[in-house]
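Reviewing the structure listed below.
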Amino acid sequence: MVPLSWYLLLAAALFAIGLYGFLTRRNMIVMFLCIELMLNGANLNLVALSHYLQDLRGQIFTFFVIAVAAAEAAIGLGIMLALFRNRRSVYSDSITSLKE
Amino acid sequence: MPLYLVLLPLAPLLSFLLTLLSGKWMGSRAHRLPILAASISLGCALAAGWDVAHGVVTDADFYTWITAGDLQVSFGFLVDQLTAAMLIVVTSISLLVHIYSVGYMQGDPSYPRFFAYLSLFTFSMLMLVLGNNFLQLFFGWEAVGLSSYLLIGFWHQKKSAADAGKKAFIVNRFGDFGLSLGIMLVFVTFGTLHYQEVFQAAPGIVGQQFTLLGLTFELPTLIALLLFCGAVGKSAMIPLHVWLPDAMEGPTPVSALIHAATMVTAGVFLVARCNPLFELSSVALNVITVVGAVTCLFAATIALVQTDIKRVVAYSTVSQLSYMFVACGVGAYSAGIFHLFTHAYFKALLFLGCGSVIHAMGGEQDVRSMGGLKKYLPITYWTFLLASLSISGAPGLAGFFSKDEILLMAYTTNIGSGRFAWFIGLVVAFITAFYSFRLFFLTFHGRFRGSTEQRDHLHESPPVMTVPLILLAVGAVTAGWLGSPEILGGHSMWDHFMAPVLGRAEAHVPHFTEWLLMGISVFAGLSGIWLAYHLYVRRPELPGQLRESFSETYRWLVNKYYVDEFYVAVLVQPAINCSRYVLSAFADATLIEGVVNGVPRLIGRASGRLRRLQSGHVQHYLAAMASGAVGLLVWLYLV
C-alpha cells in the first residue's frame, strides 16, 4: 500500500515542475504543456485524497477538470494559432502589447 | 376677446419669424411681410381705438402663463384709453418707419435682418403696452430692450455700433434691476400682479412700512421709486441717460422708431399706467419731478453744442422725455401722455428728416459739413421746418399744445417742486427752440460746407422716404389739436378721453393766468428761434466768438459734463481692473486653472510611476500571481 504522502509529494512535484516550466520557458506551446502538467498535479491530489477519504466526489470532480481542460486546450491552441497567424511568433516575450 | 386684439401682436411676431427664416430667399423683397404685418397691426389698433372711444374697455386673460404657488400670471390684454393711445402711436409710427426704411436701407447686405428686427420690436412694444399685468409688461420691457440692442448694433462690424449696443443693454440693466425689484415688491405686497387688482388694493397700503436690511421705508414710496428706476433706465433720465446718445449708432429709422417715438417713452407709459401707485407717495412724485426737471435742463444744454446731427436730436429726445416725467411728477399724467403722443410724431419726423439728410450726404452726420441743403432737399426742408416749429412750441402746432399744458400743470400743481419744474421747463423751452433752429439753420441755410464730391451727390430722397415724412408732418401739425384747451376754443378732448384711466388734474387758475403762462412760453420759444436766426444766419461769425469767450463752459458742454468719463473712471475701469487682476489673473489663471491642470498632472505622474510595474510579459504576471498565492498560504498557515 503506497502511503498518501507519496501521492501528494508526486502531485506537488508535478505542480512545481509545471510552474517552473511556465515561468521560465518562452515558447507558448511549452508553457501550455506546463499548464497541463500543473492541472494534472492538482488532479492527482484530488484522486489521492478522494481515495484516502473514501469519498467519490473528488474523483467525479477530476473528470470535470479533465473535461474542462480538454475544452480549454482546444481554445488555448486556437488562440495560439490565431496569434501565430498575426504575429508569426509563439514566443511570449514578443507579445507584450498589454504594456502599451 | 375681440379677434383683432390677438392679431395685433401676432402679425408682427409671425412676420419676424418668417422674415428671419426666409431672409436669404426674400432678399430685397424682405420688406413686404413686415410692412403687411405693421399695416395689419395699425388696422387692429385703430379698431381697438374705435372700441375704446365707444366705451368698450377690454381686460381679458388670453391664457395662463405661469402658475407657481400663489403666483398666477396670464398673458392677457388690457385695452383702455391709455393703451389705445399707445397702440395708435406705436403702430402708426412703426408702419411709417417700415416704409421709410425700404428707401433708407436699400442695398444693405442685411436688409432682411433689419426688417425682421423691426417686426420683433413692434411685437415687443405691443406686448408691453397691451399687457394687463406687471410681468407681461416686464416681458415686453425686456423684449424691446433686446430689439433695441440688436438694432443699435445692427452694423455690428463697426466697433462703435457694437459698443453702443452693449452700452445700451448694460445701462438698462441698472434700471431693470430696480424695476424687477419693484415688481417683486408689488407681488409681495398685493399677492397679485394684475393691474386692476393691484390698483384697487393700492389705497390700502398707505402708511405701511417696509423694513429691509434694518432700514425702514414707506411702502408706497419704495414701490413707486423702484418702478421709477426702470423708467429712468428705459427713458434715459439722469443718471442713466448715457446710453441714448450712443444709441444713435443704429440706423436712423431705428433712432426714429425706438429711440425717439416709442421704446424710450415706455418709462412714461409705466409711470402713467401705475399712477394709482405713484399717487400714494408725494416723495416719489417729487423725485420724478426733480429728476425730470434736472434732466430736462441738462440734456438741453448739451444739445446746444453738439455737431452730430443725430446727437442733437437725441439730446432733444432726452429733454422732451423729461417734460413728460415732469408732467407725471406733478400728477398731470394725461398731459404727459399727451406730450408723448405729439412728441412721437414731431420727433420721429425730425429723425427721419435727419435720415434723409444723411442719406443725401452719403452717410455724413456732422452739421459742420452741411449747410444750404434747402434747394437740394425741398421736401425734407419743409417737413423738417414743421417739426422744428412744433418742438419749439410755435402756436397751433402739436408741440405747442402739449408743452403748454405741461407747463400750466407744473405751475398750478400742489406738488412742492412744481414751480421749480415750471421755471426749468420754461428755460428749456427757450433752449429747445434755440438748438432746434441752430440745427435747422446749420443744415439747410448758409452755404454748403462739405466736399465737392458730396455736393455732386446731393439729391432729394425717393418718394418711399418722403411720403412718410409728409404724413408725419401732418401728425406733427395736427396731433395737438386733440388736446386743444378750452381757452383756445377747444374742448380738452384728450383730457376727457384719458380721465377714466389717468384722472383729471384740473388747473384752477383764472383765464388771465392761463393766457399769461401761454404767452410767456410762446415768447420763450419764439425768442429762441430768433436768437438762432440771429446767430447762425445773420451773424454766422458770432457763435465762434461766443465759443472763445465761454471756452470753459463750452468744454463742459461738448464733453457732456464728463458723465461718461466719470462712469468710466468710477464704474467701468474698476470693473475691468477687478476682472483683469482678480478674476482673470488670480481666480481663473491661478485658482481654477491650477485645479483643472493640477489634477490631471497628479494622475499622470502617479500613473507614470505605476506603469513601471507593467512589463507585458505573461510570465511576470503569473509569477506575481503564484507568489501571491504562496504568500496567502503562508499567511493562512501562520495566522
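Computed from the coordinates by the stated procedures, all read-outs in this text should not be read as laboratory data. It should be emphasised that the depicted structure is a prediction, and the values quoted were computed from it without experimental measurement. Cβ coordinates were reconstructed from backbone atoms using ideal geometry, including for glycine residues, and neighbour counts include every protein chain displayed.
Calculated from the alpha-carbon coordinates, the range B:413-545 shows an Rg and a Dmax of 20.3, 60 Å respectively. From the Kirkwood radius over Cα pairs of chain B, Stokes-Einstein at 20 °C and 1.002 mPa s returns a whole-number translational diffusion coefficient of 81 µm²/s.
Give me the aspartates and glutamates in straight-line cross-link reach of B:K166: C-alpha distance below 20 Å, same-chain residues under 8 apart excluded. Candidates past the 8-residue exclusion: B:E142, B:D176, B:D246, B:E249, B:D564, B:E565.
Over the Cα atoms of the protein assembly as shown, what is the Rg over Rh ratio if Rh follows Kirkwood?
Values: Rg = 41.7 Å, Rh = 31.0 Å.
Dividing the radius of gyration by the Kirkwood radius yields 1.34.
Taking a ≥ b ≥ c as the square roots of the Cα gyration tensor eigenvalues, with a/c under 1.5 meaning rounded and otherwise prolate when a/b beats b/c, else oblate, which class fits the range B:466-506? Since a/c reaches 1.5 but b/c is at least a/b, the shape of the range B:466-506 is classed as oblate.
Over 25 Å apart at the Cα level, from the set B:K24/B:K234; B:K234/B:K374; B:K167/B:K403; B:K375/B:K403; B:K167/B:K310; B:K234/B:K310, are B:K24/B:K234; B:K234/B:K374; B:K167/B:K403; B:K375/B:K403. Across the range A:4-94, the mean sequence separation of Cα contacts (distance under 8 Å, 6 or more residues apart), normalised by length, yields a relative contact order of 29 percent. Coupling constants for the range B:329-341 follow from the phi torsions by the Karplus curve (6.51 cos²θ - 1.76 cosθ + 1.60, θ = phi - 60°), and in residue order they are x, 8, x, 9, 4, 4, 5, x, 5, 5, 5, 4, 5 Hz; glycine and proline get x. Couplings for the range A:30-35, taken from phi via the Karplus curve 6.51 cos²θ - 1.76 cosθ + 1.60 with θ = phi - 60°, read 5, 4, 5, 4, 5, 4 Hz in order; Gly and Pro are left as x. Taking the helices alone, chain B has a mean residue ellipticity at 222 nm of -22500 deg cm²/dmol, built from -39,500 (n - 2.57) per DSSP H run of at least 4 residues and averaged over all its residues.
Quick one: grab the alpha carbon gyration tensor of the range B:443-491, order the square roots of its eigenvalues as a ≥ b ≥ c, and give me rounded if a/c is under 1.5, else prolate or oblate depending on whether a/b is larger than b/c. Verdict is oblate for the range B:443-491.
From the Kirkwood radius over Cα pairs of the range B:42-82, Stokes-Einstein at 20 °C and 1.002 mPa s returns a whole-number translational diffusion coefficient of 185 µm²/s. The calculated Kirkwood hydrodynamic radius for the range B:534-615 is 18.7 Å, given to one decimal from all distinct C-alpha pairs. The share of Cα pairs per 10 Å bin across the range B:317-437, counted from zero up to the longest distance, runs 14, 41, 26, 14, 4, 0 percent. Entry note, chain B: relative contact order of 12 percent, from Cα contacts under 8 Å with a spacing of 6+ residues.
Averaged over B:613-620, how many beta carbons belonging to a partner chain fall within 10 Å of each residue's beta carbon?
Values: counts 0, 4, 4, 8, 8, 10, 8, 4.
That works out to 6 on average.
Restricting to Cα atoms and excluding each atom paired with itself, what does the Kirkwood estimate give for the range B:240-373 in Å? Could the numbers behind the result be given before it?
On the way: mean 1/r = 0.0653 Å⁻¹.
With all distinct Cα pairs of the range B:240-373 included, I get 15.3 Å.
Please work out the Kirkwood hydrodynamic radius for the range B:25-176, using every pair of different C-alpha atoms, and report it in angstroms with one decimal place. Computed over the range B:25-176, the radius equals 16.9 Å. Across the alpha-carbon atoms of the range A:4-94, the computed radius of gyration and Dmax are 15.5, 50 angstrom.
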